Amino acid sequence: MNESSQTQRLRDKNVVVIGASRGLGRSIVAAVSAEGARVLAVARKPEPLKQLVAEFSGVRILALDAAEEGAPAQVFAMLVPDVLILCAGAIPHMAPLSEQSWEQFSRNWNSDVKLSLLFLQAALTTPLPSGTTIILMSSGAAIGGSPLSGGYAGSKRTQMFLASYAQDESDNRSLGLRFLALAPGGNILAASAYAAVRGVSVQDFIRGQRGQHPQVTTELVANAVIKLASQPQGGEGQSFLVSGAGVTLVS
């Protein structure tokens, strides 16, 4: 075995990435592919998925709305995961609370939370094979709040609760599944909104938020995903924050 294959922590593992066509999902696909995993990339729009295949050979794709009933069954029929990463979600509507309609406020509940619930239920009831790791991508907003993004922070906190609830159910039924939530800190869309409110540049706002630590990038978060996914155990039912300082347990 050559040196490169020895360092591939997810070599020959089945990895399913929900929300794979852009941003963090795309970076995760790139990272797990480099780790030697067999990857199924899932997203709503087919065109970005086709671009993904052109860039990362060997990646399989599936175009569907992960928040629709029956979506988990379609995904698992195509590839039974050793690692399932749920990072799909809606872009929150950025506006003060007094200007949010209920539809705008609840956008992430009807997307992020709903698809998380559907896939966790399917993981528990199918059930997925013992040893499968399921990672829910939450947000640092779940810890610090985000008053300009409506129900976003609450929905991302709920994903943390769901990881814990699912872990309890798996443990009670001796399913051997591993659930955890990962919360990346920092968001360029949110930063733009908050910078505008404070009358400063986006760069100055981000600099003030991160202090002496480097900015959180999608590549940094993808590496944290691989680190947690490649561990055979640990972190069951818990949530972790990814910041410029590293990965820390959310108390």
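The numbers here are math on the coordinates, done by the rules we state, and not lab data. All figures in this text were calculated on a predicted structure; none of them were measured in a lab. Every residue, glycine among them, receives a Cβ derived from its backbone with ideal geometry; neighbour counts consider all protein chains shown.
DSSP loop GluC sites (Glu not before Pro) in region 41-88 with at most 11 other Cβ atoms within 10 Å of their Cβ, which ones? Walk me through the numbers on the way to the answer.
Working: sites: Glu55, Glu68, Glu69; in loops: Glu68, Glu69.
Hits after loop and neighbour filter: Glu69.
Nearest 10 degrees, 0 to 90: what angle lies between the long axis of helix 114-125 and the longest principal axis of the chain (Cα atoms)?
The answer is roughly 30 degrees.
Taking the Cα centre as origin and putting +1 on Lys and Arg beta-carbons and -1 on Asp and Glu beta-carbons, what dipole magnitude results for the chain, to the nearest 20 debye?
The calculation lands at about 340 debye.
Around Gln51, under 11 Å between beta carbons, what's the net of Lys plus Arg minus Asp minus Glu among the other residues? Numbers along the way, then the final one.
Working: positive: Arg22, Arg26, Lys45, Lys50; negative: Glu47, Glu55.
Charge balance in the 11 Å sphere: +2.
Which of Leu24, Leu84, Leu124 ends up with the largest GNM mean-square fluctuation for the chain, with Cα atoms connected below 10 Å?
It is Leu124.
Of the residues Ser33, Ser174, Ser149, which exhibits the maximal mean-square fluctuation in a Gaussian network model of the chain defined by a 10 Å Cα contact cut-off?
Ser174
Once all Cα-Cα distances of region 1-110 are split into 10 Å bins that start at 0, what whole-number percent is in each one?
14, 41, 26, 14, 4, 1, 0
Where does each of 96-104, 228-236 land if you order them by average Cβ count within 10 Å, highest first? Provide the component values of the computation, followed by the final result.
Details: 96-104: 11.3, 228-236: 15.3.
The most tightly packed comes first, giving 228-236, 96-104.
Treating the angle as unsigned and between 0 and 90°, give the value, to the nearest 10°, between the Cα long axis of helix 218-229 and the longest Cα principal axis of the chain.
It is inclined by approximately 40 degrees.
For q values of 0.10, 0.12, 0.14, 0.16 Å⁻¹, compute log₁₀ I(q)/I(0) with the Debye formula on a Cα-only model of region 3-249, without solvent.
-0.46, -0.67, -0.92, -1.19
To the nearest 10 degrees, how steep is helix 188-198 against the longest Cα principal axis of the chain, on a 0 to 90 scale?
It works out to around 10 degrees.
Give the residue from Ile85, Ala54, Leu120 lying farthest towards the positive end of the charge dipole for the chain; charges sit on Cβ (+1 for Lys and Arg, -1 for Asp and Glu) and the dipole is referred to the Cα centre.
Ala54
Which of Val17, Val32, Val53 moves the most in a Gaussian network model of the chain with Cα springs under 10 Å?
Sorting by GNM fluctuation, first place goes to Val53.
Work out the count of Lys pairs in the chain where the Cα-Cα distance is under 25 Å, with the pair 8 or more places apart or on different chains. Each step should come with its number before you reach the end.
Numbers: Lys13/Lys50; Lys13/Lys227; Lys45/Lys114; Lys45/Lys156; Lys114/Lys156; Lys156/Lys227.
Taking the Cα cut-off of 25 Å, the pair count is 6.
Could you tell me the calculated FRET efficiency between Arg22 and Arg173, based on Cβ-Cβ distance and R0 = 41 angstrom, to the nearest 0.05? Show your work: numbers first, answer last.
Working: r = 35 Å, r/R0 = 0.87.
According to the calculation, E is roughly 0.70.
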